[in-house]
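Derivation of every value follows stated rules applied to the coordinates shown; laboratory data play no part. All values reported here derive from a predicted model rather than from experimental measurement. Backbone-built Cβ (ideal geometry, glycine too); neighbour counts: all protein chains shown.
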Amino acid sequence: MKEACRMEEKKKNKKKKQRRLSFVYILGGGILKEDFFVKHIKMVVLIVILTIGFISNRYACILKIRRIDGLKKELSEMQLESLAISIELAGYSRPSMVEEQIKKQHLNLEVPDSPPYELYK
């Protein structure tokens, strides 16, 4: 009689194991009723929270890296624009360009023949 009961329990355990392996059983949440998960629920919750934290941290880092790359690109564009403006300014401040602009605007200014000198030492 005891052997018959043991045989029936073994058959039930086999059925439970077969049921555990089914995809529907796992997605349905039946796996959460298993002894392992019930005994270690705190650890499972901690692992889930840490996983969500790691995923959100990675997402935030990716967003920051994209922003940094965009700002680097914008910085290089601004540096090129600054270089172009400084080259243009250097061209306008050449003495020959200044003289040409004075003549175009008829300001009656001339370049002095003698070098500048200090009045007081």
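Structure summary
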item	result
Tally of residues being of a type in the set (A, V, I, L, M, F, W, C) and either in contact with a strand residue (DSSP E or B) (Cβ under 6 Å, 6 or more places away or on another chain) or surrounded by 10 or more Cβ atoms within 10 Å (Cβ to Cβ) (or both) across the range 22-35	3
Filter result (over 60 Å from the mean Cα position of the chain (by Cα) and polar (S, T, N, Q)) within the range 105-121	ASN108, SER114
